[in-house]
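K.L.:
Sharing a structure, written as structure tokens. Questions coming.
The values are calculated or read from the model by the stated rules, or taken from the named source; none is laboratory data. Worth saying up front: this structure is predicted, and the values here are computed from it rather than measured. Virtual Cβ from ideal backbone geometry, glycine too; neighbours counted across all protein chains shown. Heads up: the accessible areas ignore ligands, DNA and RNA and are worked out on the full protein's heavy atoms, side chains in. Shrake-Rupley method; radii C 1.70, N 1.55, O 1.52, S 1.80 Å.
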Amino acid sequence: MSSGAANRGFFITGTDTGVGKTMVAVALTRALVARGLRAAVMKPVAAGMVLTAEGPRNDDALELLGQSNVSAPYEDVNPWLLNTPASPHLAARHDGVSITSDRIVAAHRRLAARSDLVLVEGAGGWLAPISSVATMADIAAKLGLPVVFVVGMRLGCLNHALLTREAIRSSGLPFAGWIANKLAVEMPLANANIESLTTRFRVAPLAVVPPGAALVSNPIPSWAEEATNKLVSA
């Protein structure tokens, strides 16, 4: 594994909820596994659960687990599972719990010990609240991982992307790169918008996800292979 993955993983964030963070995380996990790496996964905070034979679970966490080749207790993959599909701080209040980072950091430590790297998917955007004072950015800072930033290419994305990039820069965490996701329907002037972000970020995207891309299936999407190659060889 190269120095690009030397921090033992990546933290995946996005401009907002619904911009394809899970799809990107799942695809990258599959591509990393195909390279022969032990790729653990983590969804530190998940709001919204389904009942399974094994107990309450979150769909996003299950999608990630389905592609990982590292066996781990569900509670390590998803330390905070909240019932209500809402902003984590509101879902936690509704459930009568307070999200703290200690449980997340301990779970991440156990996952890192049994893997080559851990892909951690945040909830919502970079500053999504998880308590009255803390945000997902605080979790990213506690884990200290390089950040992969997913930009959902839709009207308004330039402002959201530039603000988020500046917030990531202010955190002091390494910026591993960004991925442009064209979502279900390609926005007008999508490529021009990507060029605008490339100019302002001063770096081209790790990959561009084509419009209408679904959760990863065989074969591994070329955009995921492209992004993975860049991440592990940086």
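K.L.:
Could you run through the stretch 188-215 and say how many residues are assigned to a loop (DSSP other than H, G, I, E, B) and surrounded by fewer than 16 Cβ atoms within 10 Å (Cβ to Cβ)?
P.N.:
So in the stretch 188-215, the residues assigned to a loop (DSSP other than H, G, I, E, B) come out as 188-189, 202-206, 210-215.
Subsequent filtering for residues that are surrounded by fewer than 16 Cβ atoms within 10 Å (Cβ to Cβ) retains 188-189, 202-203, 210-212, 214-215.
Within the stretch 188-215, residues that are assigned to a loop (DSSP other than H, G, I, E, B) and surrounded by fewer than 16 Cβ atoms within 10 Å (Cβ to Cβ) number 9.
K.L.:
Related question: Go through the stretch 87-112 and count every residue that is open to solvent by 60 Å² or more (accessible area, probe 1.4 Å) and more than 18 Å from the chain's Cα centre (by Cα).
P.N.:
The first filter runs over the stretch 87-112 and keeps only residues open to solvent by 60 Å² or more (accessible area, probe 1.4 Å), leaving 90, 93-94, 96, 98, 100, 102-103, 109-110.
Add one more test, that the residue is more than 18 Å from the chain's Cα centre (by Cα), and what stays is 90, 93-94, 96, 98, 100, 102-103, 110.
Going through the stretch 87-112 one residue at a time, the tally reaches 9.
K.L.:
Condition first: under 25 Å from G36 (Cβ atoms) and not aliphatic (A, V, I, L, M). Now tell me which residues in the stretch 52-69 satisfy that. Full working, then the answer.
P.N.:
Let us first name the residues in the stretch 52-69 that are under 25 Å from G36 (Cβ atoms), namely 61-69.
Within the stretch 52-69, E63, G66, Q67, S68, N69 meet the criteria.
K.L.:
While we're on this one: For N218, indicate whether it is over 28 Å from T135 (Cβ atoms), of a type in the set (S, T, N, Q), out of contact with any Lys or Arg (no Cβ under 6 Å at 6 or more places or on another chain) and at pLDDT 95 or above. Spell out how you get there, then give the answer.
P.N.:
On the way: over 28 Å from T135 (Cβ atoms): yes; of a type in the set (S, T, N, Q): yes; out of contact with any Lys or Arg (no Cβ under 6 Å at 6 or more places or on another chain): yes; at pLDDT 95 or above: no.
Criteria not met by N218.
K.L.:
Return the only residue of A180, A204, A227, A234 being of a type outside the set (K, R), in contact (Cβ under 8 Å) with a residue 24 or more places away in the chain and out of contact with any strand residue (DSSP E or B) (no Cβ under 6 Å at 6 or more places or on another chain).
P.N.:
Checking each option against the conditions leaves just A234.
K.L.:
Something else now. Could you give every pair whose Cβ atoms fall below 8 Å, whose first residue belongs to the stretch 150-174 and is in contact (Cβ under 8 Å) with a residue 40 or more places away in the chain, and whose second residue is open to solvent by 50 Å² or more (accessible area, probe 1.4 Å) and in a helix (DSSP H, G or I), counting only separations of at least 6 or pairs across chains?
P.N.:
Close Cβ pairs (under 8 Å, with a partner that is open to solvent by 50 Å² or more (accessible area, probe 1.4 Å) and in a helix (DSSP H, G or I)) amount to V151/H160; L173/A141.
K.L.:
Given the conditions (1) in contact with a Gly (Cβ under 8 Å, 6 or more places away or on another chain); (2) among the polar types (S, T, N, Q); (3) at pLDDT below 95, and given that S2 satisfies all but one, which numbered condition is not satisfied?
P.N.:
(1)
K.L.:
Considering only residues that are open to solvent by less than 50 Å² (accessible area, probe 1.4 Å) and modelled with pLDDT under 95, which ones fall in the stretch 68-86?
P.N.:
First, pick out the residues of the stretch 68-86 that are open to solvent by less than 50 Å² (accessible area, probe 1.4 Å): 68, 70, 72, 74, 76-82, 84, 86.
Once the filter is applied, which keeps residues that are open to solvent by less than 50 Å² (accessible area, probe 1.4 Å) and modelled with pLDDT under 95, the stretch 68-86 yields T84, A86.
K.L.:
With the requirement that a residue be part of a loop (DSSP other than H, G, I, E, B), touching a helix residue (DSSP H, G or I) at 6+ places or on another chain (Cβ under 7 Å) and in contact (Cβ under 8 Å) with a residue 40 or more places away in the chain, what does the stretch 71-109 give you?
P.N.:
Within the stretch 71-109, A72, I99 qualify.
K.L.:
Could you tell me whether any residue of the stretch 113-134 is open to solvent by less than 40 Å² (accessible area, probe 1.4 Å), more than 18 Å from the chain's Cα centre (by Cα) and of a type outside the set (G, A, S)?
P.N.:
no
K.L.:
Could you tell me which numbered condition G156 fails, if it satisfies all but one of (1) on the phi > 0 side of the Ramachandran plot; (2) surrounded by 15 or more Cβ atoms within 10 Å (Cβ to Cβ)?
P.N.:
Every listed condition holds for G156 apart from (2).
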